[in-house]
Every structure is written in structure tokens, then in C-alpha cells.
Amino acid sequence: MLTIAIGHTEEIDSEDAAREILDQCRSELGSKKAQAGILYAAVDHEYDKILGIINEEHPDIDLIGCTTDGELSSVLGFTEDSITLILFISDDIDIKAGVADGVSENLEKKIAESIKHTTSLSDKELKMCIINPVSITLSGAVILENFKQGLGESFPIFGASAADQWNFVQTYQFYKTEVLTDAVPFLLFSGNLIFGSGVASGWTPIGSPGHVTKVEGNVLYSIDDKTAVEYFKHYLGENITPLGEYPLAVFENEESEKFYLRAPLASNMEDGSLVFAGDLTLGAKVQLSHTTRDRIIEATEKSISQSFENYSGQEPEVAICFSCSGRKQVLGTRTSEEYKLVKKVNPDLRVFGFHGYGEIAPLDKNRPSRFHNETFVSLLLGTK
């Protein structure tokens, strides 16, 4: 059995906010102590104070989380400048928190060591992992690849990167009572857990596909030996902004029709390169893509519907949703419609999540997890 409780508040005082979300959770849990939880918080809160108050009520809780660019729950719907908390209790599921800290140096070693330690804390079968990595300073795609090395290429990994309300200055990550700035906190779920996921963006490939012929990390220099800027100008004309509305579709392989998105962030007119919100691979098949606000919204319903199709049980306890800050930028005042469509699919479903700087999920069941841009990820959790 999996029991959850969700709290969500727009209270601006950090101490009052912490006590309010705990009061909301207590109304569902009573005096029971949570074994694990996730906290998502807007910028400018006193995070150490919030984490300390949560730990006072739920001692030694395995808690992770991060700062955001918008929060989501079935308590308040979509909000900004708020904090939201989910708590987990189960007698047949182990939920263990781990962290790789100081990952700007020795990333591979620190992730490997943290995974080895955290997996040793349970003797139940590993089922799934949620991560909330540092962003801005490190590649989410590289972080994910190192987690796949430690957990297995096709092990289910979900999550989203920490954000800071589109300021791109400093994000924070949470691990138990610690507030970190260069870390990857994660939760490992083991035991009798059922889950199902869905991924959709709403973007559609346009034009002809090409192949990456020069790239360094997230800096793309050429496609089919034409500069990245030339490739974009071929379809968009001289004015290639706003870039975020025209991400690259990156196909899983030559034959696959399934793709994930890479959103361009900046251009260099001197060398014709583009900087993307995620790494690209030499030789990857890519194609320009476009969308409308209606299609972005419709993709939310597609994502949550797909997660129900992939959920092998009957009654999930919660949908954890990860949406992209890039979607929020394009949608503007229509961002709240994402949450409304999640509830449309299942009005009784409890919801929890946030908008971050890159989403993590497999494109489909039994596929390797990918680092996405401008995508909506739905993750259903339950035991029945």
C-alpha cells in the first residue's frame, strides 16, 4: 500500500509556509510519520528553515527537491511563488534518498558512489528513480547518462532539473535538511510499486531531416555541413528568433519516428553556431519542429493519457508531473491549462509537480530515459 499527502501554499513567510503545508499533510496522515518526500519551492524562500521544520515533524525523512519556475498540485493547481510538498508512507515500498554533491568536479565518480551507497539501503527489487539535478552550470543530459551507467541503460529514471524562475543565475537542490547548489538529489523506489509514464511535447517536425556534423556538448556548429544558423535560416528566414519556439527534434535512431526536443537558447552569428538547452550527439538525425499553443496544451492530455495506458494497475495514487519552463514561456497566461487537462483525464487524480529546466523520462515503456526540452512528463505511482 502507498499512502501520500500533498501540501501547497502561497504563503510568503517561509516558516508559516512550512507549517501550512505540514498542516495540510497532517489532515491526511494524522500522526503517521512519512518515510520520504519531495519539496518544490519558488525562489527567495528560506529553504534551510523549511527543511528543518519538515524534519522536526518527520524525523530523518528521506527528502529531496529543488527550486522551480512554477509549482503544480491538486491543492492549488498551477501557481508561481509557492511551495508544494508530497509525503510518502508505505509498508511494502522502500523509498531512499541519495545525493551526489559537488558534481562540477568528478561528476562520474560522485554519481557512481552515491548510487552504490543508496542502492545498498534496501534489499527489495529496484523499480524506479526520480532525480532533480543542478542546472545552468552542468548538462542535464550528461548527468542522466551517468545515472544510466550506474542504474542500467534502460532503468526507468524520471524527473526535471532545478530552476530559478527563468533568471538563470542560481538554482538550489534539497537533500534531507541540506540546501545545495552543485548537487543531484534523487529518490530510489524499491518493492511493490506500480508506475506508468507518458511523454508529449506538441511539437511537430517540419522540413527535411538532417544530421549533426559538428557539435561540442550543447553547442551545435553544423547540420549536413551547413552552419546551424544557416540551417535555421533556410526554414525561418533571416529572423531566427524567437528560437525557443523552433526546437530541434532529435530522433532516437535512423529508423525511429520517436524524438526528443533540444531547444536553442542563443546564436553566435560569427561562427554560425547555436547553443542548446541540452547536449547533442555527432551524427544524430535531427529536424526542425514547430507548434501552436493549442498543440502544446493538447500534448498535456496526450502525456497523462499515455501514462494511464502504461500503468499496469487500476488506481494510481498520484500523478507527478514535470513540465518545461520553455513551454511556460510560449504558453504565457495559458500555462494553467496544462493542469486543467490533467484533471480532465481523471478528475479524482491527485497531482504534484513543477516547471523546470529540462525533463527526464523514457519516450515509451521499456525505452532508455532521455533528457528533454519543452516537454510534459506524467508519472503515475501506486500499488494497485
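Just so you know, all these numbers are worked out from the coordinates, no wet-lab data involved. Every value quoted in this text rests on a predicted model; they were computed, and no experiment measured them. Methodologically, a virtual Cβ is constructed for each residue, glycine included, from the backbone with ideal geometry; neighbour enumeration extends over all protein chains shown.
Legend: ranking of residues Asp69, Asp279 from fewest to most surrounding C-beta atoms inside 10 Å; resulting order Asp279, Asp69.
Once you reduce the stretch 16-37 and the stretch 48-95 to the center of their Cα atoms, the two points are 9 Å from each other. Of the three principal axes defined by the Cα atoms of the stretch 204-290, the extents in descending order read 34, 24, 21 Å. Put simply, the amide H of Arg350, placed in the peptide plane, has neighbours under 5 Å in Ala319, leaving out anything fewer than 5 places away on its chain.
Once the cut-off is 22 Å, how many percent of the Cα-Cα pairs in the stretch 131-268 end up in the long-distance tail? Summing the P(r) tail past 22 Å for the stretch 131-268 gives 52 percent.
Helices meeting the span-like rule in the chain (full DSSP H runs, Cα extent of at least 15 Å along the helix axis, mean Kyte-Doolittle score of 0.0 or higher): 140-151. Residues in the stretch 216-221 carry Karplus couplings, in order, of 10, x, 9, 9, 9, 9 Hz; the curve used is 6.51 cos²θ - 1.76 cosθ + 1.60 with θ = phi - 60°, and Gly or Pro positions show x. A cut-off of 5 Å between modelled amide H atoms, ignoring neighbours fewer than 5 places along the same chain, links Ser222 with Thr213, Lys214, Ala228.
For the chain, which longest stretch is free of loop sites, where a loop site is one of the GluC sites (Glu not before Pro) that DSSP puts outside H, G, I, E and B and that has at most 11 other Cβ atoms within 10 Å? It works out to 271-384. Summary of the geometry: the stretch 305-322 and the stretch 125-165, compared by the centres of their Cα atoms, lie 20 Å apart. Only one of the listed values, (1) -0.48, -0.72, -1.01, -1.18; (2) -0.70, -0.88, -1.05, -1.14; (3) -0.52, -0.79, -1.12, -1.29, was derived from the coordinates as log10 I(q)/I(0) by the Debye sum over Cα atoms at q = 0.09, 0.11, 0.13, 0.14 Å⁻¹; which label is it? Of the listed options (1) -0.48, -0.72, -1.01, -1.18; (2) -0.70, -0.88, -1.05, -1.14; (3) -0.52, -0.79, -1.12, -1.29, (1) comes from this structure. In plain terms, the C-alpha convex hull of the stretch 1-114 casts an average shadow of 7.9 nm² when viewed from every direction.
Here the 3J(HN,Hα) profile of the stretch 77-87, calculated from phi with Karplus coefficients 6.51, -1.76 and 1.60 at θ = phi - 60°, is x, 7, 9, 10, 6, 9, 10, 9, 10, 10, 10 Hz, Gly and Pro shown as x. Taking amide H as placed 1.01 Å from N in the peptide plane, Ala361 has its amide H under 5 Å from the amide H of Arg370, His372, each at least 5 places away in sequence or on another chain. Charged neighbours of Val275, selected by a Cβ distance under 15 Å, balance to -2 (K, R count +1; D, E count -1).
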